[in-house]
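Have a look at the structure below, then the notes.
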Amino acid sequence: MSNSYVIGVDFGTDSVRALIVDTQTGQAVGTHVHNYVRWKKGLYCNPATSQFRQHPLDYLEGLEASIRGALANASDDVRQHVVGISIDTTGSTPGPVDETGLPLALRPDFAENPNGMFILWKDHTANAEAEEINNLAHHWDIDYTKYVGGIYSSEWFWAKMLRTIRVDEAVRQHAFSWVEHCDWISAVLTGNTNPLTLRRSRCAAGHKALWHSEFDGLPSEEFLTQLDPLLAGQRDRLYHDTYTSDQSMGNLSAEWAQKLGLSTDVVVGVGAFDAHMGAIGAEIEPYAFVRIIGTSTCDILMAPNEEIGHRLIRGICGQVDGSVAPGMLGLEAGQSAFGDVYAWFARLITGPVRELLGDEAADTMSSQLIPHLSAQAEQLPVTANDLIALDWINGRRTPDANHTLKAAITGLNLGTDAPKIFKALVEATAFGSRSIVDRFLQEGVPISKVIAIGGVAKKSPFVMQTLANVLNKPIQVASSDQACALGAAMCAAVAAGIHPTMEAAQQAMGSGFDAEYQPRPEQVATYETLYQKYLQLGAFVENKPVSSSQSIAQYAQSESL
Ligand SMILES: Nc1ncnc2c1ncn2[C@@H]1O[C@H](COP(=O)(O)OP(=O)(O)O)[C@@H](O)[C@H]1O
Ligand SMILES: O=C(CO)[C@H](O)[C@H](O)COP(=O)(O)O
């Protein structure tokens, strides 16, 4: 019998990649990356107001280019034996659609309107709406936020939808329903984008749209209309049932089969978020803590349903039955900026260079800057009096989402140079990670091991070693450069019936680990001291009482300030 192949497609923040994988060996036999054209030009975005929108054409072009590109470097035999495709995307990245499921921005009258596009996960324009949702939910007879850590975030579905229909009357009138990116793009492949019948992802619905079986699905019509009468009728135009990623969404449509040169027998799996499929690709097992470390971090832990039961985990981004694998509770957390903190610092340095010396000089500098600063920062001693920074440059996702928070750096003097600041920023991202790990442990969720995937995990031994020292835990890095796409491929193999379970797909197709960072005992104790200072600085910036014995006044007078 000839081999069969599956395609995993991973829509990241900047680009989409397709990976073709042998279902029996896990061998990657073709891959291609496509950068979003409009996004790269910064269109429809305004970082100063945290507005980040993506045009659906970037996704459609990327879907076709990435899959065709991956197939172009595989053999004809591979093409003939593709049996499944699954897709992961960022999230919550919802967009408004008409009755046919067409995103409004694909209609000529909305083609340039950012409110008719997909609202990227990191768009924080809906902070006020998130706050309103929290206030209402916390005083309603059911607290609808209870399975999402007790706090609704402006990064999520309802806040984004509510803000958009409030500020844009044209969108309000023409948006029949709303879809998450992962649901829409999977639906496109099947040819059925009808918002009332396309299969919606359990992962997206449970983590971002307050869907739970205990609530009989989404929050009640009464709750939604109390939140804003503009939401009247919306619940019925969304969905009641949700589907896990081992299930099929449908078959490849004739149109897309022809575009891609594949058969209509190809099964399209139900979509999910990048981090959740990435966790599958990274061979997640119960109580392993998988960190997808890139622009932001997304942390995924999976536990048997019966072991967590109805225990509520405070301050995380949700606990959802089946969001990673069926029968398991998927728990999500993360940081709204990780590599983005370093990217911000690099832009700060290269911005004036670009203006004064031109693009060529700035581009050359930009490509070398983070590795250069990392090499210098690595040589610096770690002492209890080092600079302290907060990682909240894009707000705080976990623990306890608050996207109005800002970052800070303390301890600057005339001797402070770029490597010292860079080191403090790397440590800040590690301290943010530590506060997430501590929250899981405080809530009684054990962590058996830490696994890392994503661009930063692969590219920066300095960051990963710092993280291991700060967490005081070993960190394994998955071998695959494209663990999210690999996870999507594993899901496709299950949806297509090649493997009976996610676990079986992981066993057959997993590619293991290629690095392990061990904490260095000589730095662990110093990092514990610095972490306490990070917590104190955070409390000060957040205007919260300081729980430690050391007051802010004492802290401000300490040598580090
Ligand atoms: N050598 C490096 N060391 C640390 N961070 C890096 C390095 N190179 C790139 N980065 C960071 O990696 C992030 C991109 O991560 P990646 O996983 O490739 O993308 P995404 O998160 O969009 O999927 C950027 O924020 C960038 O600042
Ligand atoms: O929250 C998410 C998933 O649940 C986002 O999709 C994720 O954080 C996007 O990240 P990146 O661009 O860093 O891969």
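Selection within the range 440-462: residues that are part of a helix (DSSP H, G or I) and under 19 Å from the mean Cα position of the chain (by Cα). The member of this set that is farthest from F11 (Cα to Cα) is F440. Annotation note: of E132, E61, E99, the sole residue that is out of contact with any helix residue (DSSP H, G or I) (no Cβ under 8 Å at 6 or more places or on another chain) and away from ligand 1 (no atom under 16 Å from the Cβ) is E99. A337 meets all of the listed conditions (1) at pLDDT 95 or above; (2) over 18 Å from S92 (Cβ atoms) but one, namely (2).
Against the test of being in the same structural domain as L19 (by TED's automatic domain parsing), in contact (Cβ under 8 Å) with a residue 24 or more places away in the chain, under 30 Å from Q247 (Cβ atoms) and more than 23 Å from the chain's Cα centre (by Cα), the options A495, A508 yield a single qualifying residue, A508.
In the range 511-536, the residues that are over 13 Å from Q465 (Cβ atoms) reach residues that are of a type in the set (D, E, K, R) and assigned to a helix (DSSP H, G or I) with C-beta atoms within less than 7 angstrom, at least six apart or across chains, in these pairs: L530/E427; Y531/R434.
Among the helices (runs of 4 or more DSSP H) confined to the range 132-220, the ones with at least 2 residues that are without any contact (Cβ under 8 Å) to a residue 40 or more places away in the chain and over 18 Å from the mean Cα position of the chain (by Cα) are located at 169-174.
Among the residues making up the range 21-51, those that are among the small types (G, A, S) and either outside any helix (DSSP H, G or I) or modelled with pLDDT of 95 or more (or both) are G26, A28, G30, G42, S50. Considering the range 488-560, the qualifying helices (runs of 4 or more DSSP H), each wholly inside and each with 3 or more residues that are at pLDDT 95 or above and within 30 Å of V83 (Cβ to Cβ), run over 502-509. Residues in the range 256-314 that are more than 15 Å from ligand 2 (Cβ to nearest atom) and of a type in the set (S, T, N, Q) were compared, and the one that is surrounded by the fewest Cβ atoms within 10 Å (Cβ to Cβ) is Q258.
One residue stands out among those in the range 345-362 that are surrounded by fewer than 13 Cβ atoms within 10 Å (Cβ to Cβ) and part of a helix (DSSP H, G or I): the one that is nearest to ligand 1 (Cβ to nearest atom), which is L348. Reported count of residues in the range 1-38, each being within 25 Å of A279 (Cβ to Cβ), surrounded by fewer than 21 Cβ atoms within 10 Å (Cβ to Cβ) and of a type in the set (A, V, I, L, M, F, W, C), is 2.
The values are calculated or read from the model by the stated rules, or taken from the named source; none is laboratory data. Note that the structure is a prediction, hence the values are computed from the model and not measured. Reconstructed Cβ throughout: ideal geometry from the backbone, glycine too, with neighbour counts over all protein chains shown.
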